[in-house]
Amino acid sequence: MIEMPVFIKSSDVQLEGIKPFDAFPVEFSEGSMSALLFGDELSEALLIYTLLSSAPPDKAVYNIGPAGLVPPKGPLSNVENLYLSRVYSLDEMASALNLVRETSTVVVSRFSALLNRSAEGLVKVRRIADDRGLILIITHETLEMNELNLPTEFTEHFLLPELFDSLLVLRTNSYRGHYRLNLTVLKAPLYAVSVLGDHSIPVDSIVKPLLGLSHE
């Protein structure tokens, strides 16, 4: 049975969104699906911790995936509405998304490691995110990445890049004890096309607590 589309008047659409931190160039909105590709483990930890801890206190936040779930320690110790779940296939991921609270934030870790990934399954996931107003952020950390062909990297890891509202590549580097988050924004929502391209953000105040270092 084919579901009939529902039309909504644009002026009636009021979507809330979150940013991991103020200097981050992209906001993630309700009913959106974004893909984040990490070039190193530190950039992944930085983004996932800040994303989950930046959600409004009255909203639930979820971290699901086959591995790499973050325990509620450090920056997440005061996040009361944080839930974790292991899923091992795209079908299990879709089932989990049907169980989370509406308009919540869901971060999926290690997406490329899920079994039975398919374009059809990803479209199903996108429908769930739309219908339930989720802020759905799908991530993967890769040990090797072809920086000269990032579109192909997204196709390999996320199947249908065209289905996502935002496509971001994140890496960290350090120099003389100072840390920067380097981002490449390949795709952003239409209202935010000005942020496309490369960004470099100082993140000492975020990274050093994660590493147990004093912030000077």
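The values are calculated or read from the model by the stated rules, or taken from the named source; none is laboratory data. On a predicted model such as this, the values are computed, not experimentally measured, just so you know. Methodologically, a virtual Cβ is constructed for each residue, glycine included, from the backbone with ideal geometry; neighbour enumeration extends over all protein chains shown. Note: accessible area is taken over every heavy atom of the protein model, side chains too, but ligands, DNA and RNA are not part of it. Shrake-Rupley method; radii C 1.70, N 1.55, O 1.52, S 1.80 Å.
If you check A67 against the conditions, is it in a loop (DSSP other than H, G, I, E, B), within 14 Å of I137 (Cα to Cα) and modelled with pLDDT under 90?
Taking the combined requirement at face value, the residue does not satisfy it.
Of all the residues that make up the stretch 77-105, how many are free of Cβ contacts under 8 Å to residues at least 24 places away in the same chain and touching a strand residue (DSSP E or B) at 6+ places or on another chain (Cβ under 8 Å)?
4
For the stretch 35-64: of the residues being in a strand (DSSP E or B) and among the hydrophobic types (A, V, I, L, M, F, W, C), which is surrounded by the fewest Cβ atoms within 10 Å (Cβ to Cβ)? So that I can check it myself, show each step before the final result.
In the first step, residues of the stretch 35-64 are kept if they are in a strand (DSSP E or B); the result is 35-38, 61-64.
Remaining after also requiring among the hydrophobic types (A, V, I, L, M, F, W, C): 35-38, 61, 64.
Numbers: A35: 26, L36: 27, L37: 27, F38: 23, V61: 24, I64: 20.
Applying the filter and picking the extreme gives I64.
For the stretch 149-159, which positions are open to solvent by less than 50 Å² (accessible area, probe 1.4 Å) and either closer than 17 Å to A45 by Cα or not charged (D, E, K, R) (or both)?
Once the filter is applied, which keeps residues that are open to solvent by less than 50 Å² (accessible area, probe 1.4 Å) and either closer than 17 Å to A45 by Cα or not charged (D, E, K, R) (or both), the stretch 149-159 yields L150, F154, H157, F158, L159.
When you look at L42, is it touching a strand residue (DSSP E or B) at 6+ places or on another chain (Cβ under 9 Å), at pLDDT 95 or above and closer than 21 Å to H140 by Cβ, yes or no?
no
Within the bounds of the stretch 135-144, is there any residue that is more than 19 Å from F28 (Cα to Cα) and either open to solvent by 70 Å² or more (accessible area, probe 1.4 Å) or among the small types (G, A, S) (or both)?
In the first step, residues of the stretch 135-144 are kept if they are more than 19 Å from F28 (Cα to Cα); the result is 141-144.
Right, trim to either open to solvent by 70 Å² or more (accessible area, probe 1.4 Å) or among the small types (G, A, S) (or both) and you get 143-144.
Yes; the residues of the stretch 135-144 include at least one that is more than 19 Å from F28 (Cα to Cα) and either open to solvent by 70 Å² or more (accessible area, probe 1.4 Å) or among the small types (G, A, S) (or both).
Pull up the stretch 169-207, narrow it to residues that are open to solvent by 70 Å² or more (accessible area, probe 1.4 Å) and part of a strand (DSSP E or B), then point me to the one that is farthest from M33 (Cα to Cα).
Filtering first and then ranking leaves Y175.
Taking the options V123, V108, V169, name whichever one is out of contact with any strand residue (DSSP E or B) (no Cβ under 8 Å at 6 or more places or on another chain), at pLDDT 95 or above and of a type in the set (V, I, T).
V123
Name every residue in the stretch 79-97 that is over 17 Å from V125 (Cα atoms) and not aromatic (F, W, Y), in order of residue number. Reasoning before the result, please.
Taking the stretch 79-97 as the starting set, the residues that turn out to be over 17 Å from V125 (Cα atoms) are 79-84.
Within the stretch 79-97, V79, E80, N81, L82, L84 qualify.
For a quick check of your reading of the model, give me the residue pairs whose first member lies in the stretch 151-169 and is among the small types (G, A, S), whose second is surrounded by 21 or more Cβ atoms within 10 Å (Cβ to Cβ) and in a loop (DSSP other than H, G, I, E, B), with beta-carbon atoms closer than 6 Å and at least 6 apart or on different chains.
Within 6 Å, the pairs are S166/V26.
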